Amino acid sequence: MATWPATLPAPLTQGYQLAPVDQTARTEMEAGAPRARRRTTVRNDVLSVSWQFTDSQMAAFRTWFEDGTSGAAGGAGWFTMNVLIGTGGTVSMTARFVGPYKASYTEANGGAWKVSAQVEVR
């Protein structure tokens, strides 16, 4: 399984968000309260993360993101990465991108790329 490159920084804490995936199914009833049941006990979360990269780090990220052998396979592949999930520090989790990432460039502080994405972890 691919791993997050050690040469790239960890996600920024500013704007970091964790959203648990709904594990319940609801059935509306003709009368009375809806019934709810748990679909699964598997914990899945979606993280909204961002990184700040230099030009060389951005090039390395793009290469790793597209690599189907030892990278994220264009966002379809699972990889391991250290993330915050509220357990007292970072933990290594299996992750995969949810859709494409977005990148913007700013010339402030000598130039930097800000990359944001949603990542599902399990």
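The values are calculated or read from the model by the stated rules, or taken from the named source; none is laboratory data. Only a predicted model underlies this, so the values are computations on that prediction, with no experimental measurement involved. Quick reminder, even Gly has a Cβ in these numbers, built from the backbone with ideal geometry, and neighbours come from all protein chains shown.
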- Consider Thr24 against the criteria (1) within 30 Å of Glu107 (Cβ to Cβ); (2) over 21 Å from the mean Cα position of the chain (by Cα); (3) of a type in the set (S, T, N, Q): it satisfies all of them except one. Which criterion is unmet? (1)
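Sort out which residues of region 4-35 are of a type in the set (A, V, I, L, M), without any contact (Cβ under 8 Å) to a residue 40 or more places away in the chain and surrounded by 10 or more Cβ atoms within 10 Å (Cβ to Cβ), and write them in order of number.
Kept after step one, since they are of a type in the set (A, V, I, L, M), are these residues of region 4-35: 6, 8, 10, 12, 18-19, 21, 25, 29, 31, 33.
Adding the requirement that they be without any contact (Cβ under 8 Å) to a residue 40 or more places away in the chain leaves 6, 19, 25, 29, 31, 33.
Scanning region 4-35 gives Ala19, Ala25.
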- If the Cβ limit is 8 Å and pairs must be 6+ apart or interchain, which residue in region 58-83 that is over 16 Å from Val119 (Cβ atoms) and touching a residue at least 40 places away in the same chain (Cβ under 8 Å) pairs with which residue that is in a helix (DSSP H, G or I) and not polar (S, T, N, Q)? Asp67/Ala73; Ser70/Trp64
- Query: When you go through (1) free of Cβ contacts under 8 Å to residues at least 40 places away in the same chain; (2) at positive phi one by one for Gly86, which number turns out not to apply?
  - Reply: (1)
- Please work out which residue is nearest to Gln17 (Cα to Cα), limiting yourself to region 43-61 and to residues that are surrounded by fewer than 16 Cβ atoms within 10 Å (Cβ to Cβ) and aliphatic (A, V, I, L, M). Val46
- If we ask which residues in region 1-43 are at pLDDT below 90 and either of a type in the set (Val, Ile, Thr) or closer than 15 Å to Met81 by Cα (or both), their number turns out to be 5
- The residue from Thr87, Thr69 that alone is polar (S, T, N, Q), under 28 Å from Thr24 (Cβ atoms) and at pLDDT below 95 is Thr87
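This table checks each residue for (1) within 14 Å of the chain's Cα centre (by Cα); (2) surrounded by fewer than 18 Cβ atoms within 10 Å (Cβ to Cβ); (3) not small (Gly, Ala, Ser).
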{"site": "Thr63", "(1), (2), (3)": "no, yes, yes"}
{"site": "Ser70", "(1), (2), (3)": "no, yes, no"}
{"site": "Gly74", "(1), (2), (3)": "yes, yes, no"}
{"site": "Phe79", "(1), (2), (3)": "yes, no, yes"}
{"site": "Asn82", "(1), (2), (3)": "yes, yes, yes"}
{"site": "Thr87", "(1), (2), (3)": "no, yes, yes"}
{"site": "Thr90", "(1), (2), (3)": "yes, yes, yes"}
{"site": "Thr94", "(1), (2), (3)": "yes, yes, yes"}
{"site": "Ala103", "(1), (2), (3)": "no, yes, no"}
